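For reference, the structure discussed in these notes is given below.
The values are calculated or read from the model by the stated rules, or taken from the named source; none is laboratory data. Quick caveat, the model's predicted, so the values are computed rather than measured. Glycine gets a Cβ as well: all are built from the backbone with ideal geometry, and neighbour counts include every protein chain shown.
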Ligand code: ASP
């Protein structure tokens with residue numbers, strides 16, 4: 001529990017298996033997470049809103065090629081990028097989301113533009129892109145979104161599929177970025193952004209942009225941003241389920257989040273995790289897989305980052 005601001009971020013549940021992670025790589029992940037936390041904390045420490053803090057944090061995570069979102073987004077099986085993002089304000093329960101979009105440098109900015117400039121919650125295709133143009137958002141060409149590591153992952157995945165021996169290396173399958181915050185005024189917010197899953201079919205949409213599945217913020221309960229097998233998170237309405245257990249069954253954030261992730265998600269064969277902050281400032285970071293790139297900061301306490 002905390003009275004001041006709280007921020008928690010993730011860079012996805014697609015962690016490199018421990019034996020494959022070099023010390024240098026591990027240090028790079030920790031320092032990227034720490035830089036993002038510092039930027040988000042700066043917003044919150046100057047009495048900025050939770051909404052602005054999660055926007056700032058996710059923007060930085062999207063610009064960091066270590067993580068699967070924005071620059072660093074994974075490829076579809078057709079070798080293209082289709083990105084999903086969402087943002088939600090727990091104070092008003094206003095929300096904005098986009099799915100399957102290409103070319104927009106920071107999909108979280110477009111999600112926010114949908115929230116702030118339209119009467120809609122979720123947009124796709126040309127209609128979504130026209131909002132980006134009207135809002136003056138930055139566009140990038142395919143070369144910007146190309147990263148060798150993601151391209152190699154696509155080729156490996158397609159080859160393994162063809163040979164009928166697809167492994168379940170989480171670093172090829174998973175990845176997403178997200179942030180949740182509570183500001184000094186007690187308002188909550190959440191934002192999530194992803195390239196989805198490597199070698200996904202064109203047109204596939206995951207849980208990240210679906211309010212109540214991979215993203216949710218409600219001042220009455222909690223703010224959540226998830227990562228993992230999107231289909232499983234959608235089927236369980238993971239974020240909404242956690243909030244409902246808090247609201248209706250009186251569970252704490254920690255109890256509700258660990259029940260849903262460790263029991264329900266595991267039961268249907270889904271893997272992944274989430275970052276969550278409660279209305280009381282509590283933080284929960286459950287995952288049922290090898291790890292989740294994550295970091296959290298509670299006002300007045302030391303900032304922490306972790307992977308496994
Ligand atoms: N949840 C994301 C999706 O299904 C991917 C991930 O976080 O690994 O698109």
Kindly check whether there is at least one residue in the range 124-138 that is closer than 20 Å to residue 217 by Cα, at pLDDT 95 or above and assigned to a helix (DSSP H, G or I). no
Please work out if residue 194 is within 16 Å of the ligand (Cβ to nearest atom), crowded, with 20+ Cβ neighbours inside 10 Å and more than 20 Å from the chain's Cα centre (by Cα).
no
Residue hits (the range 229-243; within 12 Å of the ligand (Cβ to nearest atom), in a helix (DSSP H, G or I) and either modelled with pLDDT under 95 or surrounded by fewer than 24 Cβ atoms within 10 Å (Cβ to Cβ) (or both)) are 231, 232, 234, 235
Of the residues in the range 156-185, those that are within 16 Å of the ligand (Cβ to nearest atom), in a loop (DSSP other than H, G, I, E, B) and surrounded by fewer than 22 Cβ atoms within 10 Å (Cβ to Cβ) number 4
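Return a yes/no flag: does the range 211-219 have any residue that is surrounded by fewer than 18 Cβ atoms within 10 Å (Cβ to Cβ), in contact (Cβ under 8 Å) with a residue 24 or more places away in the chain and either over 25 Å from residue 16 (Cα atoms) or touching a strand residue (DSSP E or B) at 6+ places or on another chain (Cβ under 8 Å) (or both).
No, every residue in the range 211-219 fails to be surrounded by fewer than 18 Cβ atoms within 10 Å (Cβ to Cβ), in contact (Cβ under 8 Å) with a residue 24 or more places away in the chain and either over 25 Å from residue 16 (Cα atoms) or touching a strand residue (DSSP E or B) at 6+ places or on another chain (Cβ under 8 Å) (or both).
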Per the filter on the range 15-32, residues within 16 Å of the ligand (Cβ to nearest atom) and within 22 Å of residue 303 (Cα to Cα) are 15, 29
